[in-house]
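Here the structure is laid out as structure tokens; the discussion comes afterwards.
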Amino acid sequence: MEPISFDEIYEELFPAVYRFVCLRIPSSEIEDVTSEIMAKIWKSISGFEGRSSLKSWALRIASNYIADFYRGRKEVHIIELTEELQGTQNSRDYGEEFATVQSVSKTLSQLTEPQVAVIQLRLIEGFSSNETASILGITQQAVDSLLYRAKKNFRTIYTTEMAGGEC
């Protein structure tokens, strides 16, 4: 592998790592955790063998770091998107779009962390089942099963909320 600068690593990987961290870490710690993950990626870059994409490899490091972050804690809280949108809500009338984002965010917060991770990696980031399995440290079959359950749970919770019921 050709030598790569920290700036190149940062520019290529920071956006994906930041998005990955945002749904999993309390907002007061996002910047610190993301910085620590980026430093860990930089320190480990010499061990990158190219068996996966650099982004997959980096998100595997982020996934392990987040697991360590929560190890020993009793609860894992999925961060709701509405926190970031509260400040922008007043600058423009989001109306129905804002309500939809709030509802989706609330629904995501009721799924398990692995379900949120597989939805983010497969459906938002566009990773394949194999890449997602590598990032999460599980089998491809487990990814497919987890995604199926995550979609099913999401649909059930979201539909119930849209109908005005409580979950």
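Quick note: the coordinates plus some simple rules give every number you see, no bench work behind them. Please read all numbers here as calculations on a predicted model, not as lab measurements. Note that each Cβ is placed from the backbone with ideal geometry, even for glycine, and that neighbours are counted across all protein chains shown.
Here the 3J(HN,Hα) profile of the stretch 119-129, calculated from phi with Karplus coefficients 6.51, -1.76 and 1.60 at θ = phi - 60°, is 5, 5, 5, 7, 8, 9, 7, x, 6, 6, 4 Hz, Gly and Pro shown as x. Per-residue Karplus couplings for the stretch 44-54, computed as 6.51 cos²θ - 1.76 cosθ + 1.60 with θ equal to phi - 60°, are listed in order as 9, 4, 5, x, 6, 9, x, 6, 9, 6, 4 Hz, Gly and Pro entered as x. A crude spin-label estimate for the pair residue 12 and residue 113, with each label 7 Å from Cα along the Cβ direction, gives 2.8 nm. Partner lysines whose Cα lies under 18 Å from the Cα of residue 106, excluding those fewer than 8 positions away in the same chain, are identified as 151, 152.
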